[in-house]
Each structure stands twice: as C-alpha cells, then as structure tokens.
Amino acid sequence: MDGFQAGRRKLLGAAVGMTALTAAGASRAAPASGADWDAIAQSYDIAGDFVNLENAYYGIMARPVAEDFKRNIDYLNRYNSYHLRRQFDRAGMDQLRTLLAAHTGVAPEELAITRGATESLQNLICNYKLLKRGDSIMYANLDYDAMQYAMNDLAQRSGAKVAVVQLPDQLNRQAAVDTYDKALRANPRTRLLLLTHINHRTGFVLPVVEIIKLAKARGVDVILDVAQSWGQLDYKLPDLGADFIGANLHKWVGAPLGTGFLYIRKERLADIGIERGDEDYAVTDIRSRVHSGTVNAAALMTIPAALKLHDDIGVANRGRRLRALRDHWVSQLRGHDGVQILTPDEEGSYGAVTSFRLKGHTSFEQNVALVNRLVEQYRIFTVARKGPAGGACIRVTPGLFTRTADLDQLVAAIRNLA
Ligand SMILES: Cc1ncc(COP(=O)(O)O)c(C=O)c1O
C-alpha cells in the first residue's frame, strides 16, 4: 500500500459520521488530522526547488492519476485511431458522460464534454439566443476576462447594452447580494447575467444561490462560471439553481489539462444555439453545443481515475483542508498594518484562494514586482491579479500537498516585504 492509499484509508475511516457541507461549502468543521494529509501530500510529485502557492491556475495530478494518464498516452499511441474510432469516440464518450452525470447530479443529456471552462462558457454565452436589441447584459469586474470578452461580443452582435457591476474590495455575502440587487433594479432591461462562483482575482465565494433567485424573479437568465468552485466546494449542479453552467475538471478535480463540461438544464436547451453550425448531432442533442475537433483523448480517458480519487478523498474533506491551509496564513497576517487581505473570513465566503496587497501597492506593475521578489528572494511562487475595485493584488493558493511550514515561509516573507 503506497502513502496515498494509506492516507486515503485513514481519511475515509476518519470521515465516517461526518456531516455533509451545504451547497455553498459553508460549513467549517474541525480540520482533518495532519497525519492523513501528510500521506496524501506525499502522493503528489511536486518540484522541490520552490514553494508552489499558485494552484488556482490548474491542479497538479496526484501520482495515481498521472500514472493512469501516462498509461493512456502510451496505449493511445499504440492503438491510435483504431481505439478512438472503434471504442472511444462513441461508447467511451457515452460512458464518460454517464459518469460525469452521476458526479454532477444531472442527467447525461444535460451535459456536454469540453476542453475546459473557457470553451464551455464561451459556447454558452456566444450562442445565447434570447437577447433583443435594447436589452442589457450584465457582468462584474471580478468575472474572468475571457467571459467578459464573450459577453461584450454577444452584446455587440445583438445590439444589447453592457452593464458592469463593481463589486467592492471589502465584500461580504450580504453586500454581494445587495450589490447585484441594486444593479438589476438600475438596469431593468437586463436579460442575461454572468456570475462567477469563485472569482480568480480574490477567491470570494459569491452567494450564487441567493443571487440566482433574485435574477430569476426578474426574468433574468444566469450563466454560471464554476471553474474555481467545481471540485472544491461541496455541491451538485442543481443545488445552485442555474440553467447554464460551465466548468473544468483540470483545476480542483485534478484531471489532466484540457478537460471540462457544460451543463444546460433540459428545458432550456433550445435557448442556446448550436456551436458554429454543427451538423454532427441533432439540434435536440446538447452535444451540438460543442464542436472541439480532435481532442486530447488520453486526457479524457483519464477522467474516471481522477473522479475516483476525488470521490475517495471526498470533496467536503478537500474543501475543509484547503480552507484550513488558507486560514493558516491569513490568520497570521490579518490586521497587520502594512498588509490588506482582500478576501473576507466570513463563513462560506472563501475557499483555497485568497488575495492580498501591501498597503498602497495598487498598480499591477507593483504587484508583479512583488511576485518576482517573492519567487527570486524567497522561492515562493504566487501570481499578480488585476481587476478588484481597489487595485491589483497578489493571489495565494495552496494545494492539497501544501504544508503549513510552506505557509509560515510565506508569512515571514510578506512581513519582511511589508
Ligand atoms: C473563474 C475562472 N473562470 C474560468 C477560467 C477558465 O478555465 P479553463 O482553464 O478551464 O478554461 C478560470 C481559469 O483560471 C477561472 O479562474
């Protein structure tokens, strides 16, 4: 039994009797035992010459998944199109969709496999059919850039107006709901709203269930970006109430790069047009909403291994561990005179990602310079982000292999720099 297996068994033993977390991943139970996480940390082969605190870009695969991926690459390289044409393209993809349906809590007919959240959300946004000239569409400053571009493109093609919500830096769950409520009242012709469950700039967990209810009551459709929350927060897709959702599997589920899915609630399929005139599938088949061309089949073939591992550890356990790691560094710096932590501590409002800036360091260039100092002087890797109302910031994201000693190094480095 390798370190991972041992850790997983212990963890599953410890998890018996654990209560389920809520849709927003809000509960904060006692941290799981350090010994279990040590074993799980050892199942990742990570570089030893720097501390990687930039794990929101995409997830390092645990060793069992990486090994499965390598086997799939070798197999496919031997069997080539014989395997794809005779097995994987139809039967294999069907099985995968069934597996993903069980994983997400929806029907297979409501899912289409994509190469990631960008493809999923671009297809949903750009093919949204219900806009009329003079309508408005809405997104926020914290939403992902590529989705903002897609919304702008949709507005331009449909003659719609764009309303941009400015979410303040000092945000909490109620303030977020109130901000959207006010924005929707101020823009009564809003037809489509983009929401990001966990944004990639500050890591704030938007209370999407409440905001979607508000939007629906006003006849506003929501396209939901769960790129950073899927696999990190404990929920099934229907819990959120959104009719259109885009996700990936290569961030928090830990599948190979280039894997994701889109969801359209069955009753709403007709409101999203087919992708670039697709004729492979019937218009009544959700697969006509994605046309990726030849994809990285070995990556797709590895999804079952990633899901198995993910489920064995348990999404609630993962989320709890990531939040505990995040709390470990944030609790030491919150209240420091020279440091502003942008992401709140309110229960349910954060996951692994949290951002900070040194007081007065609001330009992107200043934050890039600081990221460079952190990596060159202290061997700690993070990333600068722009977009928050109060200016740019540095995003810190631990992974399941992160150790508290790594975070103590970060805290010491930030104290020195501040
Ligand atoms: C909030 C958010 N949305 C969308 C994306 C795009 O995801 P993908 O890499 O799956 O295209 C990201 C990636 O960082 C993200 O953070």
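Some points to look at:
- Relative contact order (percent, whole number), the range 289-391, Cα cutoff 8 Å, 6+ residue spacing: 17
- Estimated at 0.36 nm per residue, the fully extended path between Thr284 and Lys161 surpasses their Cα-Cα distance by 41.3 nm.
- A straight chain from Asp145 to Asp38 at 0.36 nm per residue would run longer than the Cα-Cα distance by 34.9 nm.
- Listed by chain and number, the aspartates and glutamates whose C-alpha is less than 16 Å from the C-alpha of Lys182, apart from same-chain residues fewer than 8 away, are Glu210.
- Helix-only mean residue ellipticity at 222 nm for the chain, each DSSP H run of n ≥ 4 adding -39500 (n - 2.57), per residue, nearest 500: -12500 deg cm²/dmol
- Label-point separation, Ala186 to Lys213 (7 Å along Cα→Cβ), nm: 2.4
- Taking Cys393, Cys126 and counting other C-beta atoms within 10 Å, the order from fewest to most: Cys126, Cys393
- All Cα pairs of the range 99-307, percent lying beyond 25 Å: 34
- Taking every Cα-Cα distance in the chain and sorting them into 10 Å bins from zero, the calculated P(r) comes out as 4, 22, 31, 27, 14, 3, 0 percent.
- For the chain, size of Cβ-based charge dipole, Lys and Arg +1, Asp and Glu -1, in debye: 420
- The spread of Cα positions in the range 76-203, taken along each principal axis and listed from longest to shortest, comes to 57, 34, 27 Å.
- Listed by chain and number, the lysines placed with their C-alpha closer than 18 angstrom to that of Lys266 are Lys129, Lys216, Lys236; residues fewer than eight positions away on the same chain are left out.
- Within the range 90-145, the trypsin sites (Lys or Arg not before Pro) that combine a DSSP coil assignment with at most 15 other C-beta atoms in a 10 angstrom radius are Lys129, Lys132, Arg133.
- Radius of gyration (Cα atoms) of the range 62-128, expressed as a multiple of 2.2 N^0.38 Å: 1.35.
- Candidates Gly241, Gly92, Gly335: whichever shows maximal mean-square fluctuation once the chain is modelled as a Gaussian network with Cα springs under 10 Å: Gly335
- By the beta-carbon count within 10 Å of each Cβ, the least crowded to most crowded order of Leu214, Leu121, fewest first, is Leu214, Leu121.
- With the charge dipole of the chain set up from +1 on Lys and Arg Cβ and -1 on Asp and Glu Cβ about the Cα centre, the Cα lying farthest toward the positive end among the listed residues Gly391, Leu100, Ala41 is that of Gly391.
- Debye-sum result for the range 315-417 in log10 I(q)/I(0), which assumes one identical scatterer on each alpha carbon, at q = 0.13, 0.16, 0.20 Å⁻¹: -0.43, -0.66, -1.04
- Nearby aspartates and glutamates by direct alpha-carbon distance to Lys161 (threshold 13 angstrom, same-chain neighbours under 8 apart not counted): Asp135, Asp153
- Förster-model FRET efficiency, 30 Å R0, Asp239 and Glu346, C-beta, rounded to 0.05: 0.90
- Remark: spin-label model distance Ala107-Asn127 equals 1.8 nm, labels positioned 7 Å along the Cα→Cβ axis.
- Taking amide hydrogens as placed 1.01 Å from N in the peptide plane, the amide H of Tyr128 sits under 5 Å from those of Gly273, each at least 5 positions away in sequence or on another chain.
- Scalar couplings 3J(HN,Hα) for the range 143-152, obtained by applying the Karplus form with A = 6.51, B = -1.76, C = 1.60 to θ = phi - 60°, are 5, 5, 3, 4, 6, 4, 4, 4, 5, 4 Hz; x denotes Gly and Pro.
- Asp49-Lys359 pseudo-label distance in nm [points 7 Å out on the Cα-to-Cβ vector]: 3.8
Every read-out reported here was derived from the displayed coordinates using simple, explicitly stated rules and does not represent laboratory data. No experiment lies behind these values; they were computed from the predicted model shown. Every residue, glycine as well, gets a Cβ built from its backbone with ideal geometry; the counts of neighbours run over all protein chains shown.
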